[in-house]
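These notes are about the structure you will find just below.
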Amino acid sequence: MRRHEWKEHRATTDMAQASSNVVPDVEDTSMTGINSAVKSGTICKNCLEFSEIGKLKSYERRRNLDIRKHLKIYMGADDERSLVEAAGEYVKQHYPDATIAYSLPEGYILKNKDFKKLRKTAWRGEDVDLPPDQLSVAKVFDKVKEALKGVPSLTVCDYVFTNTLLNGINKQQKEKIIRDFGVTEDDLKSGDHDVFGVGVSGNGIAGIFFQIKGAQLKINRNTILKYHRKALKQVQKDIKLFRVMCGEFINSNVKLAGFAAFPLLSKSVLEKIIMCDDCRKRILTSDDLGTLNSKFWKDPDSL
């Protein structure tokens with residue numbers, strides 16, 4: 001992810017194209033030609049499908065849904081209003097200072113079932129540690145919050161957009177949304193964002209998704225490769241869902257990106273497992289946690 005690595009990569013293109021670690025140009029851009037290139041190892045399948053999600057870029061909204069018009073907010077004392085009407089007052093109540101960083105939750109919180117499981121272990125007198133998956137999410141959540149602490153921002157953890165935004169919408173309303181706004185069932189499928197940070201970046205706004213896997217050294221190579229591809233698919237889904245549910249806020253000043261994260265694995269370990277150099281540049285590792293700072297929000301390639 002460092003710039004000098006990219007420069008070295010470009011400077012040695014001829015030599016690198018002899019291996020499957022890079023994504024060279026494919027002369028035959030038909031599906032048959034691309035599939036043939038993937039099978040021969042000339043081009044990386046993950047790079048072909050997911051290379052764009054690791055770059056901050058502007059997206060167009062998907063569909064024409066303004067979810068705010070279909071949601072109600074309870075303001076207290078039997079005062080229930082549409083989100084469009086109540087948004088300004090709600091923000092003033094819950095986020096009074098728009099110049100600082102916020103997070104939901106304020107610190108990483110174990111899910112109730114996970115907490116109860118660890119408590120039972122502690123009651124038996126055994127040592128208790130966070131499970132790898134939860135530990136990995138907690139590490140990234142803390143670092144993203146730290147990276148955004150100096151700018152107006154919001155960092156969320158284990159947030160499910162559809163569970164929140166569609167919670168007050170009944171079956172009939174959902175069917176009407178699908179019918180009237182060209183939204184599909186697939187557009188409304190649950191999307192679980194492990195960690196999502198959005199904040200002011202220069203003259204615009206940058207939002208970055210992290211799909212996190214708690215893979216450790218003891219896990220075999222094929223499993224890690226499966227985790228990697230699954231994380232990329234989840235990030236792709238995150239961005240797609242955001243473009244549907246938050247389409248009203250998307251414009252040319254809003255840029256989105258997403259990364260797979262293996263915060264319990266080092267770069268040197270991943271080099272032996274994921275052979276594609278470009279793929280590794282789009283993965284957050286344990287080495288990267290120490291350099292995840294505000295500069296990253298302006299230029300993810302700086303990591």
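The values are calculated or read from the model by the stated rules, or taken from the named source; none is laboratory data. Fair warning: this is a prediction, and the values are worked out from it, not measured in the lab. Neighbour counts are summed over all protein chains in view; Cβ atoms, including those assigned to glycine, are modelled from backbone coordinates with ideal geometry.
For every residue, the table says whether it meets (1) closer than 23 Å to residue 254 by Cβ; (2) in contact with a helix residue (DSSP H, G or I) (Cβ under 9 Å, 6 or more places away or on another chain).
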{"residue": "109", "(1), (2)": "no, yes"}
{"residue": "113", "(1), (2)": "no, no"}
{"residue": "135", "(1), (2)": "no, no"}
{"residue": "148", "(1), (2)": "yes, yes"}
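In this structure, does residue 120 turn out to be exposed (fewer than 12 other Cβ atoms within 10 Å of the Cβ) and over 17 Å from residue 156 (Cα atoms)?
Values: exposed (fewer than 12 other Cβ atoms within 10 Å of the Cβ): yes; over 17 Å from residue 156 (Cα atoms): yes.
Here the answer is yes, as residue 120 does meet what is asked.
In segment 215-229, which residue that is buried (at least 16 other Cβ atoms within 10 Å of the Cβ) and at pLDDT below 90 is farthest from residue 289 (Cα to Cα)?
For segment 215-229, the residue satisfying everything is 219.
Give the number of residues within segment 43-82 that are assigned to a helix (DSSP H, G or I), under 19 Å from the mean Cα position of the chain (by Cα) and of a type outside the set (A, V, I, L, M, F, W, C).
5
Taking segment 44-82 as the search range and keeping residues that are at pLDDT 85 or above and aromatic (Phe, Trp, Tyr), which one is farthest from residue 282 (Cα to Cα)?
59
Looking only at residues in segment 83-109 that are of a type in the set (Phe, Trp, Tyr) and buried (at least 16 other Cβ atoms within 10 Å of the Cβ), which one is modelled with the highest pLDDT?
102
Scan segment 177-199 and tell me whether some residue there is assigned to a helix (DSSP H, G or I), more than 18 Å from residue 264 (Cα to Cα), among the aliphatic types (A, V, I, L, M) and within 22 Å of the chain's Cα centre (by Cα).
yes
Scan 232, 165 and give me the residue that is crowded, with 18+ Cβ neighbours inside 10 Å, in the same structural domain as residue 107 (by TED's automatic domain parsing), closer than 26 Å to residue 56 by Cβ and at pLDDT below 85.
Exactly one residue qualifies, and that residue is 165.
Consider only pairs whose beta carbons are under 7 Å apart and that are at least six residues apart or on different chains; among these, list those whose first residue lies in segment 257-271 and is under 17 Å from residue 222 (Cα atoms) and whose second residue is among the aromatic types (Phe, Trp, Tyr) and crowded, with 20+ Cβ neighbours inside 10 Å.
That search, which allows pairs on different chains as well, returns 261/210; 270/262.
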